[in-house]
Amino acid sequence: MGKISIEENEIEGLKVITPTIFGDERGYFLETYNYNDFKEAGIDIEFVQDNQSSSKKGVLRGLHFQLNHPQDKIVRVISGEVFDVAVDLREGSKTYGKWFGVVLSAENKKQFFIPKGFAHGFLVLSENAEFAYKCSDFYHPNDEGGLIWNDPDIAVEWPIEEGMELIISEKDQHWKKLKDI
């Protein structure tokens with residue numbers, strides 16, 4: 001039924017995905033995942049786990065990665081809006097340490113493919129956001145790594161509104177800088 005369009009960017013492997021939306025006066029329909037369409041777009045991966053989270057405005061999650069069980073991810077927002085970020089941690093990559101960000105929202109229905117070898121995080125821009133993601137490996141709680149969200153060497157340009165109170169978990173406040181991992 002539906003096809004997807006893929007936007008490449010300056011970091012090889014990251015893909016912004018826009019699904020085809022079928023709408024009329026009743027509402028809309030879209031396929032959030034179709035193996036054949038994704039395979040045709042170069043994403044031929046077996047996904048084994050779907051996750052969903054809910055966060056309020058100002059929540060900043062990340063920047064996370066799995067150490068020994070890295071995951072490919074397709075992330076999207078079901079309600080609300082987030083600024084989603086991936087940081088290239090692939091050794092030998094010409095974009096090692098570089099970041100790319102995209103606004104994902106219930107309105108734009110974009111998805112973001114983040115392959116293995118990237119740290120990932122997001123900032124909630126709306127009052128609330130529901131975030132969903134597909135993963136190619138299971139979550140292993142003792143295998144989590146991370147980068148501090150405000151590492152000056154990476155310099156993610158988080159769209160922090162004036163007066164926005166950031167809400168960051170204790171764990172996420174204590175990750176190391178890229179040069180220290």
Among (1) among the aromatic types (Phe, Trp, Tyr); (2) in a strand (DSSP E or B); (3) over 30 Å from residue 151 (Cβ atoms) - the single one residue 65 does not satisfy: (3)
Subset of region 7-23 (residues that are surrounded by fewer than 11 Cβ atoms within 10 Å (Cβ to Cβ) and either under 19 Å from the mean Cα position of the chain (by Cα) or part of a loop (DSSP other than H, G, I, E, B) (or both)): 10
Some residue of region 24-31 being of a type outside the set (D, E, K, R), at pLDDT below 95, surrounded by 12 or more Cβ atoms within 10 Å (Cβ to Cβ) and in contact with a Lys or Arg (Cβ under 7 Å, 6 or more places away or on another chain): yes
Selection count where residues are more than 15 Å from residue 149 (Cα to Cα) and either surrounded by 17 or more Cβ atoms within 10 Å (Cβ to Cβ) or touching a Leu at 6+ places or on another chain (Cβ under 8 Å) (or both), scope region 91-112: 9
Subset of region 115-158 [assigned to a loop (DSSP other than H, G, I, E, B), crowded, with 20+ Cβ neighbours inside 10 Å and aromatic (Phe, Trp, Tyr)]: 149
Some residue of region 78-95 being without any contact (Cβ under 8 Å) to a residue 40 or more places away in the chain and in a strand (DSSP E or B): yes
Selection status of residue 177, among the basic types (Lys, Arg), surrounded by fewer than 20 Cβ atoms within 10 Å (Cβ to Cβ) and under 20 Å from residue 6 (Cα atoms): no
Those residues of region 32-67 which are buried (at least 17 other Cβ atoms within 10 Å of the Cβ) and of a type in the set (Phe, Trp, Tyr), in sequence order: 38, 47, 65
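The values are calculated or read from the model by the stated rules, or taken from the named source; none is laboratory data. All figures in this text were calculated on a predicted structure; none of them were measured in a lab. No Cβ is skipped: glycine too gets one built from the backbone with ideal geometry, and neighbour counts run over all protein chains shown.
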